[in-house]
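Notes to accompany the following structure.
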Amino acid sequence: MAPADTPAAPPALAPAAARPATTLAAETPLLGVLCSLIANLMFASSDALVKGLTATYSIFQIIPMQVAFACIPILIMLRRDGGLARMRAAHPRLIVLRGFLAGIGTIFGFYAFSALPLAEVYAIAFCTPMVVTILSIPILGEQVRAHRWAAVVVGFLGILVMVRPGFETLTLGHLSALGSVFTGAGVVLIMRKISRDEQRAVMVTAVMLGLLVTSLPIALFVFQLPNWFDILRVGAAGLLMGSAQFLVVRALSLAPASTIAPMQYTMIVWALAYGSLFFGNRIDPFIVTGACIVIASSLYIMHRERIRGRTLRAHVK
């Protein structure tokens with residue numbers, strides 16, 4: 001990256017004081033979106049590498065190896081935020097539970113990657129906002145009105161289009177993908193409850209520790225000595241995942257979460273491309289159609305959440 005004060009620096013890298021406030025306001029969300037798009041490409045690339053590795057190694061071995069490399073960019077991020085010494089957990093029990101759920105969800109997700117095309121796993125995972133909507137009623141005491149219920153029903157119809165019960169055989173891969181949805185929903189619900197009080201560094205660290213705790217004990221019994229090429233692959237997967245975490249944090253500091261969240265759906269484009277290029281997966285029209293339905297439903301739920309958030313803030317004022 002060129003220094004900000006060089007003549008060759010593009011406007012987005014020029015010193016903040018040299019730019020009008022209107023330009024800053026316009027550029028910052030766009031930069032957040034760009035960071036998010038790159039992060040989601042990195043996540044999808046990491047998952048594609050993991051899928052390739054599952055043909056040779058146990059998922060319980062892949063997870064701690066990936067975490068070891070992912071910790072490199074994450075530790076850099078933590079150091080920039082003040083280091084480990086400044087980390088304090090305001091809700092230690094919920095932080096531990098969130099890390100454990102993230103670890104279990106990763107096991108489910110990696111097994112699904114080994115058994116199903118990436119795009120199919122992503123398409124099922126995209127129904128997480130619907131499960132969050134349902135579980136938020138008993139867990140967070142939220143009221144879910146007719147609009148969001150309708151979106152949930154439509155979203156589950158999209159899932160049925162993808163898995164086609166009665167026409168396609170439901171496999172353990174499908175059940176694992178659904179397992180990752182429910183654990184992912186638990187992670188999101190906990191984050192909703194504690195995000196205002198907890199440091200982002202604490203939550204990222206807890207997830208990394210959760211991955212290790214849930215995988216390492218079994219990895220010790222199934223470990224195979226990897227060759228150098230596979231070490232490079234798992235290293236790349238870990239570095240991509242860790243760097244993507246950094247970019248997500250950066251994106252959220254530049255643009256509202258409501259702007260950043262929909263960018264995750266671009267991952268299915270990369271999943272379709274990787275599946276076709278590297279794994280010989282044909283593009284299934286039922287998967288694409290069902291994914292579009294699920295994505296539309298999830299986006300509508302996000303839209304209703306944003307409206308509800310504005311209404312609640314208006315009442316508080």
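The values are calculated or read from the model by the stated rules, or taken from the named source; none is laboratory data. Note that this is a predicted model, so its numbers are computed, not measured. Neighbour counts run over all protein chains shown; Cβ positions are idealised from the backbone, glycine included. For accessibility, only protein heavy atoms count, side chains too; no ligands or nucleic acids. Shrake-Rupley method; radii C 1.70, N 1.55, O 1.52, S 1.80 Å.
Values for this structure:
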read-out	value
Residue count, the stretch 135-160 (criterion: open to solvent by less than 60 Å² (accessible area, probe 1.4 Å), in a helix (DSSP H, G or I) and of a type outside the set (Lys, Arg))	9
Of the criteria (1) open to solvent by 50 Å² or more (accessible area, probe 1.4 Å); (2) charged (D, E, K, R); (3) at pLDDT 95 or above, which one ARG88 fails	(3)
Enumeration of residues in the stretch 273-287 that are in a helix (DSSP H, G or I), touching a residue at least 12 places away in the same chain (Cβ under 8 Å), open to solvent by 50 Å² or more (accessible area, probe 1.4 Å) and out of contact with any strand residue (DSSP E or B) (no Cβ under 9 Å at 6 or more places or on another chain)	PHE278
Failed item in (1) modelled with pLDDT of 90 or more; (2) open to solvent by 50 Å² or more (accessible area, probe 1.4 Å); (3) within 22 Å of MET263 (Cβ to Cβ); (4) not aromatic (Phe, Trp, Tyr), with ALA55 passing the rest	(3)
Test result for ALA219, over 30 Å from ILE137 (Cβ atoms), surrounded by 12 or more Cβ atoms within 10 Å (Cβ to Cβ) and at pLDDT below 85	no
Residue within the stretch 170-186 that is at pLDDT below 85, among the hydrophobic types (A, V, I, L, M, F, W, C) and open to solvent by 40 Å² or more (accessible area, probe 1.4 Å) present	yes
Qualifying position, being open to solvent by 20 Å² or more (accessible area, probe 1.4 Å) and under 28 Å from ASP230 (Cβ atoms), among LEU75, LEU97	LEU75
Residues of the stretch 240-299 satisfying the condition of being among the acidic types (Asp, Glu) and in contact with a Cys (Cβ under 8 Å, 6 or more places away or on another chain)	none
Failed condition for ALA17, given (1) surrounded by fewer than 13 Cβ atoms within 10 Å (Cβ to Cβ); (2) at pLDDT 85 or above; (3) not in a loop (DSSP other than H, G, I, E, B)	(2)
Failed item in (1) open to solvent by less than 20 Å² (accessible area, probe 1.4 Å); (2) assigned to a helix (DSSP H, G or I); (3) out of contact with any helix residue (DSSP H, G or I) (no Cβ under 6 Å at 6 or more places or on another chain); (4) not hydroxyl-bearing (Ser, Thr, Tyr), with GLU198 passing the rest	(2)
Checking LEU41 against (1) at pLDDT below 65; (2) open to solvent by 50 Å² or more (accessible area, probe 1.4 Å), the condition it does not meet	(1)
Odd one out for PHE223, checked against (1) closer than 25 Å to PRO129 by Cβ; (2) touching a Ser or Thr at 6+ places or on another chain (Cβ under 9 Å); (3) of a type in the set (Phe, Trp, Tyr)	(1)
Residue in the stretch 250-270 that is charged (D, E, K, R) and either closer than 20 Å to VAL50 by Cα or buried (at least 22 other Cβ atoms within 10 Å of the Cβ) (or both) present	no
Residue list for the stretch 249-263, filter: more than 12 Å from MET302 (Cα to Cα) and of a type in the set (S, T, N, Q)	SER253
The stretch 209-230 residues that are in contact (Cβ under 8 Å) with a residue 12 or more places away in the chain and of a type in the set (Gly, Ala, Ser), paired with ones that are part of a helix (DSSP H, G or I) and open to solvent by 80 Å² or more (accessible area, probe 1.4 Å) (beta carbon under 7 Å, 6 or more apart)	GLY210/PHE100
